[in-house]
1. Using each residue's phi in the stretch B:210-222, evaluate 6.51 cos²θ - 1.76 cosθ + 1.60 at θ = phi - 60° and report the 3J(HN,Hα) Karplus result to the nearest Hz, with x for Gly and Pro.
2. Rolling a 1.4 angstrom probe over the protein heavy atoms, how many square angstrom per residue are accessible across the stretch B:179-265?
3. Efficiency by 1/(1 + (r/R0)^6): what FRET value for B:GLU182 and A:ASP132, r their Cβ-Cβ distance, R0 = 35 Å, to the nearest 0.05?
4. Once neighbouring chains are kept in place and the probe is 1.4 Å, which whole percent of the accessible area of the stretch B:3-63 is contributed by carbon and sulfur?
5. Nearest 100 Å² is fine: how much accessible area is buried between B and A, summed over both sides, with a 1.4 Å probe?
6. Using the alpha carbon gyration tensor of the stretch B:174-265, what are the three equivalent-ellipsoid semi-axes (square root of 5 times each eigenvalue), largest first, in whole Å?
7. Apply the Karplus curve 6.51 cos²θ - 1.76 cosθ + 1.60, θ = phi - 60°, to the phi angles in the stretch B:63-70 and return the couplings in whole Hz, x for Gly and Pro.
8. Keeping all protein chains in place, calculate the accessible area per residue for the stretch B:3-63 (probe 1.4 angstrom), answer in Å².
Amino acid sequence: MSLKSELHSHVASLRRYALVLTRDPVAADDLVQETLVKAIAKADTFQPGTDLRPWLFRILHNTHISDLRRARTRADAAPDLPEPIARDCQHTQLELKQVLGALDQLPEAQRMPIILVALREMSYAEAARTLDVPLGTFMSRLGRGREALRGIVRGVKRGELSLLKRKEGGE
Amino acid sequence: MTQSDHRDPALDPDLIAYADGALEPERMAEVEARLAHDPAAREAVAQWRHFDNLINTAARAGDAQPTNLRIAALERELATRLQRRRMRAALFGPGLRRLAASVVIFAAGWGAHSVYETQTKRVAGTYPGFIQPTLSGHYAYLHSAHQRAEFSGDRMPEALDWLSEQMQMRIESPKLERLGYEVQSARLVMAGGQPLAVFYYRNADGEQVTVSMTPRHEAPPVQGLRMADFEGERVAYWSSGPLHYAVVARTSAAGLTSLAAAVED
């Protein structure tokens with residue numbers, strides 16, 4: 001694969017990752033642009049022969065972490081997430097909203113491993129390198145994050161259920 | 001069922017890898033056997049997979065986004081920079097000698113060298129031996145007509161400033177001093193309508209090296225370091241950033257590669 005086509009594929013991956021991180025297409029593209037500008041400035045530090053993808057993802061990760069403005073954008077723009085699921089599948093859409101909402105409540109250290117693995121584009125080792133943490137730490141954060149995510153989603157569902165029961169009881 | 005069969009799913013890397021399909025087949029069978037007796041772990045894996053699928057679906061929505069022209073432009077620029085980085089690494093890295101061995105035919109039509117090559121080959125074997133040096137002197141005379149300025153070796157800072165101004169980009173001195181060469185002169189000539197900065201070096205043994213640089217403009221870069229032999233001289237040429245470079249010397253491929261690396265440094 002030529003460098004250009006390899007890079008093109010990685011940029012598409014960056015856009016996917018950024019979209020889940022920011023939950024806003026415009027903010028996601030801003031993040032990818034900022035990442036590419038930084039990558040251009042750092043091009044001389046890239047080691048030819050090493051994998052380009054973790055290098056790019058690490059720049060995006062660091063950019064995202066250091067950019068507090070983006071965190072605010074994410075919170076404000078949550079309702080703007082594109083609807084990737086068929087419109088007639090309302091239950092799945094609701095679940096998607098719940099899971100992404102729960103994901104937002106996790107600390108970044110747990111959120112990012114979950115998203116990186118969900119992209120299915122790199123190994124655990126590559127993802128750990130991207131986040132600049134040892135593999136053991138990465139696995140631990142991934143496991144704890146997933147369990148925390150389950151806990152939050154379960155809590156949300158219980159809350160909805162009790163709300164429904166209260167409504168039914170009131171009627 | 002033992003206590004160890006009910007480990008915290010969050011702390012079980014095998015379970016995590018199983019959920020992601022990243023476990024080796026033999027370990028997968030072990031995990032499946034355990035899951036058969038551990039409904040809590042089974043539920044955890046099922047939910048992890050489900051959430052993972054939902055997040056993946058949300059990420060794939062990015063593929064449906066329209067092309068972002070700014071991102072496309074930055075992507076092109078980054079590709080260029082990384083290509084340049086790779087070439088630099090090839091020049092300075094362990095692949096240097098391997099690259100130097102890939103001798104290619106020197107393409108005619110680039111700078112004044114092509115004139116000498118074409119013309120001298122044309123007369124070779126046709127006339128008595130003294131004709132060829134005469135013609136070479138004649139071409140050198142014609143070449144000098146295109147010369148715009150010449151600086152002696154002791155005026156290099158001034159020469160570099162002037163050359164940079166004329167070529168509208170910063171020209172750095174080839175750093176051949178570390179290899180024992182001393183700059184004799186620098187000059188600007190016009191070749192094919194393009195300015196060509198030429199530096200002449202000599203070492204204590206009288207060995208001469210010529211280095212040239214010319215703006216690449218829109219011309220495609222020469223990929224990698226290339227070499228060719230003609231008239232007993234050896235030329236290495238390559239592109240880096242906005243410039244084409246050439247080094248001419250009567251030396252081995254390895255020696256010429258060292259000279260090219262010093263020019264690039």
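The values are calculated or read from the model by the stated rules, or taken from the named source; none is laboratory data. This is a predicted model, so every value here is computed, not measured. Counting neighbours? That spans all protein chains shown, and the Cβs are built from the backbone with ideal geometry, glycine included. Please note that ligands, DNA and RNA were not included when accessible areas were found on the heavy atoms of the full protein model with its side chains. Shrake-Rupley method; radii C 1.70, N 1.55, O 1.52, S 1.80 Å.
1. Here the 3J(HN,Hα) series is 10, 10, 10, 9, 8, x, 7, 6, 8, 5, x, x, 6 Hz.
2. Values: 3430 Å² over 87 residues.
Counting only protein heavy atoms, the per-residue value for the stretch B:179-265 is 39 Å².
3. 0.15
4. With neighbouring chains kept in place, the figure for the stretch B:3-63 is 52 percent.
5. Roughly 4500 Å².
6. Details: eigenvalues 87, 45, 30 Å².
Semi-axes from the Cα gyration tensor: 21, 15, 12 Å.
7. 5, 8, 5, x, 4, 9, 5, 5
8. Dividing the accessible area of the stretch B:3-63 by its residue count gives 50 Å².
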